[in-house]
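Participant: Below you will find the structure I want to go over with you.
The values are calculated or read from the model by the stated rules, or taken from the named source; none is laboratory data. Remember, it's a predicted structure, so these values are computed and weren't measured experimentally. Heads up, the Cβs are rebuilt from the backbone with ideal geometry, glycines too, and the neighbour counts pull from every protein chain shown.
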Amino acid sequence: MKNWIAAIVTGLVALPGVAHAAGGGADLMHMEADYSNEALRDGAETFIDNCMGCHSAEFFRLKNLENDLGMSKEVIEDELMYGLASVNDHLESAMTEDQGNRWFGAAAPDLSLTSRVRGEDWIYTYLLRFHRDGGSATGWNNHVFPQVSMPNVLYNMTAEAPAYYDAMPQPHHGEGEGELEYPEVPEKLDQKVQNLVSFMSYVGDPSVKARHSMGPWVLLFLVILGLVTFLVKKEYWRDIH
């Protein structure tokens, strides 16, 4: 029994180190996902415009944008149908696995469940920590995921984005060189990235919008139930006392 307790305690103590290691040694920035229709629509457009060239989200259909976010079928067909035949299609990239291996040295992973595997903070920090690397095939590298083969597709996302990424410091390769000083994230770029991550979080768990909208009603029901239960208890015990 003592061995089991010791193993559990050791595992809990090690968790922060594991999370830090999963981030490639970079401290993760925090963000709160925004599941409003406006944020998710913007994130969907960013995902389809910038990510779907290489990545798929094969567990998600364009139809969800109409059903959950209130986007009209006409808007979806006019602006978001790149390479897809129907709104009932899954978000599948036109790039094949063989093309990914030839062009980038690895097939681009499907992003349907990335938010559930990595977490929103990891994706958020990863997208904002690209730095120049003349030795890589794409000319880019990443503080969160060193030696990643993905190029920086957000470099021209906003007018401020190029200056931000160009100012990103190079990683330390030795000990005792101090902490890196990262540039401040421009507001518009930050909002775009947060909306994109929020959309990826929604793709990984489409029921999240229903849960968030239902939550206040559940709490209200519990308050009313608690009040009724208290009054019943008070009435019941009045005769006994």
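Participant: Say we look at the stretch 201-215 and pick out the residues that are over 11 Å from the mean Cα position of the chain (by Cα) and hydroxyl-bearing (Ser, Thr, Tyr); which of these is modelled with the highest pLDDT?
Facilitator: Going through the qualifying residues, I end up with Ser207.
Participant: Which one is nearest to the chain's Cα centre (by Cα) among residues in the stretch 56-80 that are hydrophobic (A, V, I, L, M, F, W, C) and part of a strand (DSSP E or B)?
Facilitator: Step one: list which residues in the stretch 56-80 are hydrophobic (A, V, I, L, M, F, W, C), which gives 57, 59-60, 62, 65, 69, 71, 75-76, 80.
Restricting the remaining residues to those that are part of a strand (DSSP E or B) gives 57, 59-60.
Working: Ala57: 13, Phe59: 15, Phe60: 15 Å.
So, considering only residues that are hydrophobic (A, V, I, L, M, F, W, C) and part of a strand (DSSP E or B), the one nearest to the chain's Cα centre (by Cα) is Ala57.
Participant: Of the residues that make up the stretch 203-211, is at least one buried (at least 18 other Cβ atoms within 10 Å of the Cβ), without any contact (Cβ under 8 Å) to a residue 60 or more places away in the chain and within 21 Å of Met29 (Cα to Cα)?
Facilitator: Looking through the stretch 203-211, none of the residues is buried (at least 18 other Cβ atoms within 10 Å of the Cβ), without any contact (Cβ under 8 Å) to a residue 60 or more places away in the chain and within 21 Å of Met29 (Cα to Cα).
Participant: Condition first: out of contact with any strand residue (DSSP E or B) (no Cβ under 6 Å at 6 or more places or on another chain), among the charged types (D, E, K, R) and either surrounded by 12 or more Cβ atoms within 10 Å (Cβ to Cβ) or without any contact (Cβ under 8 Å) to a residue 12 or more places away in the chain (or both). Can you find one or more residues in the stretch 121-134 that meet it?
Facilitator: Scanning the stretch 121-134, I find at least one residue that is out of contact with any strand residue (DSSP E or B) (no Cβ under 6 Å at 6 or more places or on another chain), among the charged types (D, E, K, R) and either surrounded by 12 or more Cβ atoms within 10 Å (Cβ to Cβ) or without any contact (Cβ under 8 Å) to a residue 12 or more places away in the chain (or both), so the answer is yes.
Participant: I've got another one for you. Scan the stretch 39-55 for residues that are touching a strand residue (DSSP E or B) at 6+ places or on another chain (Cβ under 8 Å) and either under 10 Å from Phe199 (Cβ atoms) or assigned to a helix (DSSP H, G or I) (or both) and jot them down. Spell out the reasoning first.
Facilitator: Pass one, the stretch 39-55, residues touching a strand residue (DSSP E or B) at 6+ places or on another chain (Cβ under 8 Å): 47-48, 52.
Correct list: Phe47, Ile48.
Participant: Quick check on Met157: is it out of contact with any helix residue (DSSP H, G or I) (no Cβ under 7 Å at 6 or more places or on another chain), crowded, with 16+ Cβ neighbours inside 10 Å and touching a residue at least 24 places away in the same chain (Cβ under 8 Å)?
Facilitator: Working: out of contact with any helix residue (DSSP H, G or I) (no Cβ under 7 Å at 6 or more places or on another chain): no; crowded, with 16+ Cβ neighbours inside 10 Å: yes; touching a residue at least 24 places away in the same chain (Cβ under 8 Å): yes.
No, not satisfied.
Participant: Say whether the condition of being over 16 Å from Asn50 (Cβ atoms) and among the aromatic types (Phe, Trp, Tyr) is met by at least one residue in the stretch 128-144.
Facilitator: The answer is no; no qualifying residue exists.
Participant: If you don't mind, another one. When you check Tyr182 against the structure, is it more than 18 Å from Asn50 (Cβ to Cβ), hydroxyl-bearing (Ser, Thr, Tyr), out of contact with any Ser or Thr (no Cβ under 8 Å at 6 or more places or on another chain) and surrounded by 12 or more Cβ atoms within 10 Å (Cβ to Cβ), yes or no?
Facilitator: Numbers: more than 18 Å from Asn50 (Cβ to Cβ): yes; hydroxyl-bearing (Ser, Thr, Tyr): yes; out of contact with any Ser or Thr (no Cβ under 8 Å at 6 or more places or on another chain): yes; surrounded by 12 or more Cβ atoms within 10 Å (Cβ to Cβ): yes.
In short, yes.
Participant: Looking at the stretch 76-100 only, could you name the residues that are closer than 23 Å to Asp34 by Cα and surrounded by fewer than 14 Cβ atoms within 10 Å (Cβ to Cβ)?
Facilitator: Across the stretch 76-100, the qualifying residue is only Glu79.
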